[in-house]
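Here's the structure we're looking at; comments come further down.
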Amino acid sequence: MFSYTVLHKEITRSTMEDARAAVRTGSGHGTVCTASSQEEGRGRVAGRMWEDDGKGSLLFTLVLQRDSLSTKYPLTQLVALALCKRLEKAFGLVPGIKWPNDVLVDRAKIAGILVETEGDYYLAGVGVNVLQSVFSTNLRRPATSIAQSISQSESGARPPSSPQDELPGLLYELGCLIDESPIIQELEDRLIGVGRPVTVSLGDPLRKELLKGTVSGLQYDGALLISLNGGEIRPVYSGEIQEFQMD
């Protein structure tokens, strides 16, 4: 488990920008920039924003030395798996990973991940809906929070007292995965859409280059495996699942 130092702001433009600035001024591995609210939190695709209500979300960016990771999986998937493990163990929820960077509970988005780099460091930006009970009607897909998911489940768990309460447990789970790389089955067991027809946008979704097939699972290095009509299985390293058939 890595040690970490938290740098908190009540309101910021973006924790990703804060982390980048922190690295440039001498902060390093284990720095965690947190905020109660972001004015310009953003997603993986240009133009997509992370919305928060200023009190219900856990918002942070973690700085990690790039050579500290020996795993063959992308950091995005490690963070997603850590989120799933935390939600399972602490709250009895059943989350899934929507490849490549979202965590869902009951088909609704509960967390998003954005990983960038700055010099020798990874910057892992994470947004988790913790206490919200109401969400904007303008979201691209349904959203949920830890508190809302607990209220709709039979887990009997108590929601966190505050979003910041979730940070230590989540970082612990991530630290364990960094120390001992998970087997691919742990990721595949939580992968949403296995065996279902999907449409995947390749690379930047704005390019609208689409691939249709069936999700077969994950390759040894975390690439999404798509089975095509002719029987070919194609690994996808960069892209986004646009549509998938639910049960």
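The values are calculated or read from the model by the stated rules, or taken from the named source; none is laboratory data. If you're wondering where the values come from, they're calculated on a predicted model, not measured in any experiment. Reconstructed Cβ throughout: ideal geometry from the backbone, glycine too, with neighbour counts over all protein chains shown.
The rows are residues; the columns are (1) assigned by TED's automatic domain parsing to the domain that holds A108; (2) touching a residue at least 60 places away in the same chain (Cβ under 8 Å); (3) in a loop (DSSP other than H, G, I, E, B); (4) more than 17 Å from T34 (Cα to Cα).
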site: L131; (1), (2), (3), (4): yes, yes, yes, no
site: S136; (1), (2), (3), (4): yes, yes, yes, yes
site: S153; (1), (2), (3), (4): yes, yes, yes, yes
site: Q164; (1), (2), (3), (4): yes, yes, no, no
site: P168; (1), (2), (3), (4): yes, no, no, no
site: E173; (1), (2), (3), (4): yes, yes, no, yes
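All conditions in (1) within 18 Å of L64 (Cβ to Cβ); (2) among the small types (G, A, S); (3) more than 20 Å from the chain's Cα centre (by Cα) hold for G175, with the sole exception of (3).
With respect to G54, is the statement that it is assigned by TED's automatic domain parsing to the domain that holds V130, under 12 Å from the mean Cα position of the chain (by Cα) and modelled with pLDDT under 95 true? Against the criterion (assigned by TED's automatic domain parsing to the domain that holds V130, under 12 Å from the mean Cα position of the chain (by Cα) and modelled with pLDDT under 95), G54 does not qualify.
If the condition is being at pLDDT 95 or above and among the aromatic types (F, W, Y), then the stretch 61-91 contributes only F91. Filtered by the rule that a residue be more than 24 Å from S238 (Cα to Cα) and of a type in the set (V, I, T), the stretch 66-94 gives a lone residue, V94. All of E118, E186 fail the test of being under 24 Å from G28 (Cβ atoms) and either surrounded by 13 or more Cβ atoms within 10 Å (Cβ to Cβ) or in contact with a strand residue (DSSP E or B) (Cβ under 8 Å, 6 or more places away or on another chain) (or both), apart from E118.
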